[in-house]
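Working notes, beginning with the structure itself.
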Amino acid sequence: MTTKYYLWTVGCQMNKADSEKLAAGFDRVGLKATDRMERADVVVLNTCSVRQHAEDRAYSKLGRLRELKRERPGLKVALMGCMVGLKTDDLEKRFPMVDVFARPQQFDGIMGLVEGQPEDLGGEFWPTTYAIPEGPAAYVPVVHGCNKFCTYCIVPYRRGREKSRPMDEIVREVAYLTAHGVREVTLLGQTVEAYGHDLPDAPDLGDLMRELSGLERLARIRFLTSYPRDMTHRILEAVAELPKVMECFSLPVQAGSDAVLDSMRRGYTKAEYLAKLAEVRDLMPAAGITTDIIVGYPGETEADFEETCALLESVRFDKVHVAAYSPRPGTIAWRKLPDDIPAAEKARRLHRVEEIEERISQEINATYAGTVQEILVEGVRGEQPFGRTRTGKLVHLDAPARIGSLVDVRIEHAGAFSLRGAVEDAVLMA
Ligand code: SAH
Ligand code: SF4
Ligand code: F3S
């Protein structure tokens, strides 16, 4: 009987990409996916630690798994991803029903749970196993880990130091993906512009984009997440010059007050951040720019918070992802700074940011009404095809369109979360 696996994933795009790779590995040895945990022979939870809430979701899954394992002792369970640190003693004690604990990208331990394990598990990028594309858009990790150590953040502790993937390996994977219907790749890194500094000849992200632009079937290149200090003028020029690279930036600012930025050890002041943003807009006036904000960071005063709100009003981001500060055991902030903003106050600040964000993103969306935008048709939901503009806006189409095609769309309606329009023309390579 075929062995069935259930793979549950939370967290960022990097985690998603890791899960896709693992799924491809399972596929290679003949396992089949199931979307019911109760029916699986192997269960993998790919976890996130960025906030307590993300961990709590895994804990509730683990509770259910404890019962399942009691009913079926043969069930294999792996806990993977950012909840797994260097030491696993605590986790082992709390969750004895877990067979394997695997840090991010440690696929070998998990593959050890199944029969017929492939012999080529070498290297964290597992270059011989490619994710099986689910549609025309795919994620491609290019640099793992993070060297920045922002005080609040668990990521460097769980994903280790920056480690770039050789350029030829990335090109090979993207060529494979395009041969299997992929038209758009999103290059992933916690600080994606850090790409290359640790490789021979130290190529940068711009060099990689240039190389990938040469792949004929590839129509679009995106990249995530930008870190202001790593974003050089050279990289920005490549983004501006290369037609296949989308002018769309995820550029977290985190806070609008210099005191908070300094305490967070973000490595820039508000003025430096704004200067970087001006550089982007100077080269690409229409660029889509999103950001991340943390509210209720230790010691954030009302005046600090007002500075964040003022920054949001003046920059006018396309989208703001806001989170309330959540102390992460092991981080610098957790060791040194009391979590001193009451939960209710964090919630108030969060809602205030959400209000500002909704109003501004709706206003920006409204400016798209009547314009013609190039969309890559990514899929169909209900009856409606959908895709994204170059700047990253979600667009629903009124009429059928071929998945994977590039179409010109006239925007007829602009809502808070998405746009709607009709196809004017099928463009290049459609
Ligand atoms: N590398 C990216 C973000 C990685 S984590 C960067 O440099 O910004 C994704 C987002 O989660 C962060 O941008 C931050 O806004 C949020 N985040 C990280 N740690 C957090 C914490 N302890 N509490 C609340 N939000 C947090
Ligand atoms: Fe975390 Fe900072 Fe690294 Fe982003 S840059 S992953 S916030 S430590
Ligand atoms: Fe979460 Fe790890 Fe990503 S902590 S946000 S899954 S890097």
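The values are calculated or read from the model by the stated rules, or taken from the named source; none is laboratory data. Here the structure is a predicted model, which means the values were calculated and not measured. FYI the Cβ positions are ideal-geometry reconstructions off the backbone, even for glycines, and counts take in every protein chain you see. With ligands, DNA and RNA removed, areas are computed over all heavy atoms of the protein, side chains included. Shrake-Rupley method; radii C 1.70, N 1.55, O 1.52, S 1.80 Å.
Quick notes on this one:
- Summed over the residues of the chain and divided among them, the accessible surface reaches 43 Å² per residue at a probe radius of 1.4 Å.
- Of the solvent-accessible surface of the stretch 188-229, computed with a 1.4 Å probe and all protein chains present, 44% belongs to carbon and sulfur.
- Cα coordinate range in the stretch 137-366, projected on the principal axes (Å, largest first): 53, 43, 30
- Local electrostatic count at Arg335 - Lys and Arg +1, Asp and Glu -1, tallied over other residues with Cβ under 15 Å: +1
- For the stretch 4-111, the calculated P(r), taken from all Cα-Cα distances in 5 Å bins from zero up to the bin holding the longest distance, is 2, 12, 25, 27, 21, 10, 2, 0 percent.
- Long pairs among Lys4/Lys76; Lys276/Lys393; Lys4/Lys69; Lys148/Lys319; Lys16/Lys87, criterion Cα-Cα beyond 18 Å: Lys276/Lys393; Lys148/Lys319; Lys16/Lys87
- Distance between the pseudo-spin-label points of Gln13 and Asp292 (7 Å out from Cα toward the beta carbon): 1.2 nm.
- 11 Å beta-carbon shell around Arg229, net charge (K/R +1, D/E -1): 0
- Within the accessible area of the stretch 4-111 (1.4 Å probe), percent carbon and sulfur: 46 percent
- Ratio of the Cα radius of gyration of the stretch 372-427 to 2.2 N^0.38 Å, where N counts its residues: 0.94
- Alpha-carbon Debye profile of the stretch 341-389, log10 I(q)/I(0) at 0.13, 0.27 Å⁻¹: -0.56, -0.97
- With the helix formula -39500 (n - 2.57) applied to DSSP H stretches of n ≥ 4, the chain reaches a computed 222 nm mean residue ellipticity of -10500 deg cm²/dmol.
- The stretch 62-91 versus the stretch 270-320: alpha-carbon centroid distance in Å: 40 Å
- Normalised by residue number, the volume inside the convex hull of the Cα atoms of the stretch 259-333 is 100 Å³ per residue.
- Local electrostatic count, Asp99, Cβ distance below 10 Å [Lys/Arg +1, Asp/Glu -1]: +2
- Among 36-47, 64-75, the peptide with the highest mean count of other Cβ atoms within 10 Å heads the list, and the full ranking is 36-47, 64-75.
- Using only alpha-carbon positions in the chain, the gyration tensor eigenvalues give semi-axes of 33, 29, 22 Å once each is multiplied by 5 and square-rooted (largest first).
- Burial order of peptide ranges 173-183, 266-276 (average beta-carbon count within 10 Å, highest first): 173-183, 266-276
- Full extension of the chain between Thr301 and Glu383 gives 24.7 nm of extra length, using 0.36 nm per residue less the Cα-Cα distance.
- The order of the peptides 375-381, 278-284 by mean Cβ neighbours within 10 Å, most packed first, is 375-381, 278-284.
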